[in-house]
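The values are calculated or read from the model by the stated rules, or taken from the named source; none is laboratory data. Being a predicted model, the structure only gives us computed values, none of them experimental. Note: ideal-geometry Cβ built from the backbone for every residue, glycine included; neighbour counts use all protein chains shown. Keep in mind that these areas ignore ligands, DNA and RNA; they rest on the heavy atoms of the full protein, side chains included. Shrake-Rupley method; radii C 1.70, N 1.55, O 1.52, S 1.80 Å.
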Amino acid sequence: MKIGIFPGSFDPITNGHMDIIERAKNICDKIFVAIGLNSAKKPLFSVEERIEMIEKCCQFDDSIDDSNVEVTSFDGLLVDLCKDIRAPLIIRGIRAISDFEYEYAIALLNKKLAPETETVFLMSKGEYSFISSNMVREIASYHGDISSFVPPFVNNKLLEIFSQ
Ligand code: PNS
C-alpha cells in the first residue's frame, strides 16, 4: 500500500486543500493529512478544531473516500513523521510560481534529511490558485463572504467565530 502525507497548517482547510486531498487518490492508496504544529505561528484554530474540520469536510465530500484519509498532527520534522508512519510520499500543492521557490527548497532539504522520501507537487486548479488560509481568515474577520473558498463546515465555523 502506497502511503502519502499531505502536510500543512490547515488553519483552516480550504477548497484548494480539499482538491489536493481528492486528487491524491491518483498517486497513493492512503493519505495522511498532517497538521504541522509551528510554534512560530499563532493559529486561529486549535489543532483539535483543525483535525475535526478536516475529518468532517472529508466525510461530507462525496468525491473523497474518507476511509483512505487519516488526519493527524505532528510536532517536529516532517521526515520523522514519514519514517514513523512509513510514508515515502510527501504531497504538496503549488498554486503559483511564487510558491515554487519555497517548496523546492523544502523538498530538497527533506530529500537530504530522508533520501527515501519523494516530494510530489500537485498543481492547484486555476479556480483555487488564489485561495490561501491567510486570506480566508482575513476576509472572514472583516465579515466578507468566504463561502466559495472553503467547505460549508469551515464557513460555519468562521461565521461563528467572527459573528461576535
Ligand atoms: O501550510 P504550511 O504552513 O505551508 O505548512 C508548512 C509545513 C507544516 C508543511 C512545514 O512547516 C513543515 O513541514 N514543518 C515541519 C518542520 C520541518 O520538517 N521542517 C523541515 C523543512 S524546513
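Pull up the stretch 52-80, narrow it to residues that are open to solvent by less than 20 Å² (accessible area, probe 1.4 Å) and within 13 Å of the ligand (Cβ to nearest atom), then point me to the one that is farthest from the chain's Cα centre (by Cα).
V79
May I ask you to list pairs of residues, at least six apart or on different chains, whose Cβ atoms are under 7 Å apart, with the first in the stretch 96-114 being closer than 21 Å to I85 by Cβ and outside any loop (DSSP other than H, G, I, E, B) and the second being open to solvent by 60 Å² or more (accessible area, probe 1.4 Å) and within 9 Å of the ligand (Cβ to nearest atom)?
L113/L77
So which of S124, S129 is more than 9 Å from the ligand (Cβ to nearest atom) and over 24 Å from I3 (Cα atoms)?
Working: S124 fails: over 24 Å from I3 (Cα atoms).
Step by step, each of S124, S129 is checked, and only S129 is more than 9 Å from the ligand (Cβ to nearest atom) and over 24 Å from I3 (Cα atoms).
Give the residue that is nearest to the ligand (Cβ to nearest atom), with candidates limited to residues of the stretch 81-95 that are out of contact with any Pro (no Cβ under 9 Å at 6 or more places or on another chain) and not in a loop (DSSP other than H, G, I, E, B).
That would be G93.
Within the stretch 44-51, does at least one residue satisfy the condition of being modelled with pLDDT under 95 and either open to solvent by 40 Å² or more (accessible area, probe 1.4 Å) or out of contact with any helix residue (DSSP H, G or I) (no Cβ under 8 Å at 6 or more places or on another chain) (or both)?
no
Across the stretch 122-142, which residue is nearest to A107 (Cα to Cα) among those that are assigned to a helix (DSSP H, G or I) and open to solvent by 80 Å² or more (accessible area, probe 1.4 Å)?
N134
Pick out the one residue from A87, A114, A105 that is farther than 22 Å from D29 by Cβ, at pLDDT 95 or above, open to solvent by less than 60 Å² (accessible area, probe 1.4 Å) and not β-branched (V, I, T).
A105
Spot the failing condition for T117; the list is (1) of a type in the set (S, T, Y); (2) more than 14 Å from the ligand (Cβ to nearest atom); (3) touching a Cys at 6+ places or on another chain (Cβ under 9 Å), and only one is missed.
Of the numbered conditions (1) of a type in the set (S, T, Y); (2) more than 14 Å from the ligand (Cβ to nearest atom); (3) touching a Cys at 6+ places or on another chain (Cβ under 9 Å), the odd one out for T117 is (2).
Which one of the conditions (1) under 20 Å from I21 (Cβ atoms); (2) modelled with pLDDT under 95; (3) open to solvent by 60 Å² or more (accessible area, probe 1.4 Å) does I97 fail to meet, given that it meets all the rest?
(1)
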